[in-house]
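Structure, as structure tokens:
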Amino acid sequence: MTEMSSAQEQTATTTNPAPANVEVDTSYENDSAYGDELSWYSTSLTSSALEYRHENGRRYHKYRDGAYLLPNDETENERLDMLHELSLMVMHRKLYLAPIKNPQRVIDLATGTGLWAIDFADQHPQAEVIGCDLSPIQPTLIPPNLKFVVDDIESNWAYENNPFDFIHARNLAVSIRDFGKLIRECYRSVKPGGWVEFQDYDGYPISEDGSLEGTALKKYYDEVYSAFEEAGCEIRPGPKLEQWFRDAGFVNIHVEKFVIPYGVWPKDRHLKEIGAWNQAQAEAAGFEGFAMAALTRYKQWTKEEVYLLASQARADGRKRDIHMLVNFYVVYGQRPENQPE
Ligand SMILES: C[S@@+](CC[C@H](N)C(=O)[O-])C[C@H]1O[C@@H](n2cnc3c(N)ncnc32)[C@H](O)[C@@H]1O
């Protein structure tokens with residue numbers, strides 16, 4: 001990691017710990033997550049947040065109804081727990097890459113089931129940690145220095161009078177409509193000298209050898225992302241994060257890019273394990289869950305049509321000769337010292 005000291009040196013460092021080309025493993029053929037801001041938290045765990053929307057066999061958040069198109073039921077929450085493990089595998093067991101030192105106030109935006117926030121609070125017992133989300137789906141047995149709140153991070157914030165040392169956000173592709181605004185809010189709400197880190201996808205999968213072309217997997221993502229686009233959701237935040245950080249005024253910006261394969265086709269053992277875990281989380285009803293609200297609400301698909309497409313995509317995902325992967329970006333930046341605004 002490279003830290004830069006002056007505005008003139010604000011060229012982000014991009015490294016890629018994964019091989020430029022992911023080698024395919026062909027051997028299988030042979031062997032077999034207070035105070036002033038309480039007003040902002042006024043919605044915390046109110047009855048409206050605890051009511052849910054039930055639709056097409058899945059459960060969805062009710063607070064800010066319709067803002068987020070993935071379910072929040074047990075099936076999805078188990079998948080989010082798996083997604084946490086996947087992120088840790090990708091990040092070589094690191095929760096974050098920003099060079100934070102002794103943080104006192106930290107927030108995890110859109111914390112989901114809250115495992116990142118729980119792990120962070122455990123590792124930093126001196127820090128006051130907040131995890132916020134539209135859905136109160138987090139566990140109740142949590143570290144004493146952690147608090148979960150219900151809120152909408154796309155609404156205006158009221159943290160600038162009690163700012164954070166570190167703001168973290170992960171896996172918000174398709175969740176957020178205006179990342180630029182969100183990152184500007186982060187800038188306003190982090191202390192001078194404090195750090196903000198986003199970890200996110202370029203949602204569109206690719207294959208380096210073209211093996212994804214013409215598959216049901218490709219059709220699945222084209223159809224589903226077309227619906228998310230209609231809903232106004234940002235699908236490809238990963239590669240745009242650096243520019244959003246720069247536009248917001250952050251310095252010492254650092255970018256790391258990781259490869260996340262789907263399935264056990266890579267030869268590299270680390271990538272193979274990541275691919276296996278990625279497939280496992282998607283097969284945990286992820287294909288249906290990801291597509292259902294987007295396609296039925298925005299493209300008038302029927303539930304049955306979504307099930308069919310999802311099952312075709314799942315079947316393709318099991319084929320060893322389809323070498324699908326996505327790029328994942330970790331971007332962190334620092335609010336300049338001595339620059340109050
Ligand atoms: C894919 S999950 C990621 C959860 C977590 N950050 C992680 O990496 O495990 C996206 C989360 O964003 C939350 N979310 C979506 N839009 C939101 C908003 N406007 N305000 C707060 N949370 C939001 C959803 O409820 C969901 O829990």
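What do you reckon, is residue 122 near the ligand (Cβ under 7 Å from one of its atoms) and charged (D, E, K, R)?
Numbers: near the ligand (Cβ under 7 Å from one of its atoms): no; charged (D, E, K, R): yes.
No.
Would segment 104-115 turn up any residue that is in a loop (DSSP other than H, G, I, E, B), of a type in the set (A, V, I, L, M, F, W, C), surrounded by 23 or more Cβ atoms within 10 Å (Cβ to Cβ) and within 11 Å of the ligand (Cβ to nearest atom)?
Initially, segment 104-115 is screened for residues in a loop (DSSP other than H, G, I, E, B), giving 104, 110-114.
So of that shortlist, the ones also of a type in the set (A, V, I, L, M, F, W, C) come out as 110.
With the extra rule that they be surrounded by 23 or more Cβ atoms within 10 Å (Cβ to Cβ), the set shrinks to none.
No: segment 104-115 contains no residue that is in a loop (DSSP other than H, G, I, E, B), of a type in the set (A, V, I, L, M, F, W, C), surrounded by 23 or more Cβ atoms within 10 Å (Cβ to Cβ) and within 11 Å of the ligand (Cβ to nearest atom).
Here is a list of conditions, (1) under 25 Å from residue 240 (Cβ atoms); (2) at pLDDT 95 or above; (3) of a type in the set (A, V, I, L, M, F, W, C), and residue 148 meets all of them except one; can you say which number that is?
(1)
With respect to residue 149, is the statement that it is part of a strand (DSSP E or B), within 14 Å of the ligand (Cβ to nearest atom) and either in contact with a Phe, Trp or Tyr (Cβ under 7 Å, 6 or more places away or on another chain) or of a type in the set (A, V, I, L, M) (or both) true? Steps first, answer last, please.
Working: part of a strand (DSSP E or B): yes; within 14 Å of the ligand (Cβ to nearest atom): yes; either in contact with a Phe, Trp or Tyr (Cβ under 7 Å, 6 or more places away or on another chain) or of a type in the set (A, V, I, L, M) (or both): yes.
Criteria met by residue 149.
Contact list please: Cβ distance under 8 Å, first residue in segment 226-250 and at positive phi, second residue charged (D, E, K, R), pairs at least six apart or on different chains.
Short answer, once both residue conditions are applied: 232/177; 249/335.
Within segment 70-95, track down each residue that is of a type in the set (Val, Ile, Thr) and not in a helix (DSSP H, G or I).
none
Out of 18, 67, 98, which single residue is crowded, with 20+ Cβ neighbours inside 10 Å, small (Gly, Ala, Ser), at pLDDT 95 or above and part of a loop (DSSP other than H, G, I, E, B)? First the steps, then the outcome.
Working: 18 fails: at pLDDT 95 or above; 67 fails: crowded, with 20+ Cβ neighbours inside 10 Å.
After ruling out the rest, the residue left standing is 98.
Inspect all residues belonging to segment 264-278 and state whether any of them is part of a helix (DSSP H, G or I), over 26 Å from residue 69 (Cβ atoms), modelled with pLDDT of 95 or more and of a type in the set (A, V, I, L, M).
Residues of segment 264-278 part of a helix (DSSP H, G or I): 269-278.
If we keep only those that are over 26 Å from residue 69 (Cβ atoms) too, we end up with 269-273, 276.
Those left that are additionally modelled with pLDDT of 95 or more: 269-273, 276.
Filter once more, so that each one left must be of a type in the set (A, V, I, L, M): 271, 276.
Taking every residue of segment 264-278 in turn, at least one turns out to be part of a helix (DSSP H, G or I), over 26 Å from residue 69 (Cβ atoms), modelled with pLDDT of 95 or more and of a type in the set (A, V, I, L, M).
Considering every residue within segment 285-303, establish whether at least one is of a type in the set (S, T, N, Q) and part of a helix (DSSP H, G or I).
First, the residues of segment 285-303 that are of a type in the set (S, T, N, Q): 296, 300, 302.
Next cut, part of a helix (DSSP H, G or I) only: 296.
Yes.
Looking only at segment 158-178, count how many residues are within 11 Å of the ligand (Cβ to nearest atom) and touching a Phe, Trp or Tyr at 6+ places or on another chain (Cβ under 8 Å).
From segment 158-178, those within 11 Å of the ligand (Cβ to nearest atom) are 168-178; that's our starting set.
Okay, now just the ones that are also touching a Phe, Trp or Tyr at 6+ places or on another chain (Cβ under 8 Å), so 168-175.
Qualifying residue count for the region: 8.
Identify all residues within segment 127-141 that are more than 15 Å from the ligand (Cβ to nearest atom) and touching a strand residue (DSSP E or B) at 6+ places or on another chain (Cβ under 8 Å); write none if there are none.
Of segment 127-141, the ones more than 15 Å from the ligand (Cβ to nearest atom) are 127-128, 140-141.
Scanning segment 127-141 gives 127, 128.
Any idea which residue in segment 274-308 is surrounded by the fewest Cβ atoms within 10 Å (Cβ to Cβ), counting only those that are farther than 15 Å from residue 174 by Cβ and aromatic (Phe, Trp, Tyr)?
307
Answer with yes or no whether residue 191 is of a type in the set (Lys, Arg), away from the ligand (no atom under 16 Å from the Cβ) and under 16 Å from residue 326 (Cβ atoms).
Criteria not met by residue 191.
Restricting the search to segment 185-226, which residues are of a type in the set (Val, Ile, Thr), crowded, with 22+ Cβ neighbours inside 10 Å and over 30 Å from residue 158 (Cβ atoms)?
The first filter runs over segment 185-226 and keeps only residues of a type in the set (Val, Ile, Thr), leaving 190, 196, 206, 215, 224.
Of the ones still in play, those that are also crowded, with 22+ Cβ neighbours inside 10 Å are 190, 196, 224.
If the condition is that a residue be of a type in the set (Val, Ile, Thr), crowded, with 22+ Cβ neighbours inside 10 Å and over 30 Å from residue 158 (Cβ atoms), then 224 is the only one that fits.
Is it the case that some residue within segment 116-125 is assigned to a helix (DSSP H, G or I), surrounded by 22 or more Cβ atoms within 10 Å (Cβ to Cβ), in contact with an Asp or Glu (Cβ under 6 Å, 6 or more places away or on another chain) and modelled with pLDDT of 95 or more? Spell out the reasoning first.
Keep residues of segment 116-125 that are assigned to a helix (DSSP H, G or I), which gives 116-123.
With the extra rule that they be surrounded by 22 or more Cβ atoms within 10 Å (Cβ to Cβ), the set shrinks to 116-118, 120-121.
Subsequent filtering for residues that are in contact with an Asp or Glu (Cβ under 6 Å, 6 or more places away or on another chain) retains 116-117.
Restricting the remaining residues to those that are modelled with pLDDT of 95 or more gives 116-117.
Yes.
For residues that are of a type in the set (D, E, K, R) and under 18 Å from the mean Cα position of the chain (by Cα), tally how many sit in segment 142-172. First the steps, then the outcome.
Going through segment 142-172, the residues of a type in the set (D, E, K, R) turn out to be 147, 151-152, 154, 160, 165, 170.
Filter once more, so that each one left must be under 18 Å from the mean Cα position of the chain (by Cα): 151-152, 154, 170.
Total meeting the criteria: 4.
State whether one or more residues within segment 21-40 are within 16 Å of the ligand (Cβ to nearest atom), assigned to a loop (DSSP other than H, G, I, E, B), surrounded by 16 or more Cβ atoms within 10 Å (Cβ to Cβ) and modelled with pLDDT of 95 or more.
No.
The values are calculated or read from the model by the stated rules, or taken from the named source; none is laboratory data. Just so you know, these numbers come straight off a predicted model, no measurement behind them. So basically every Cβ, Gly included, is an ideal-geometry build from the backbone, and we count neighbours across all protein chains shown.
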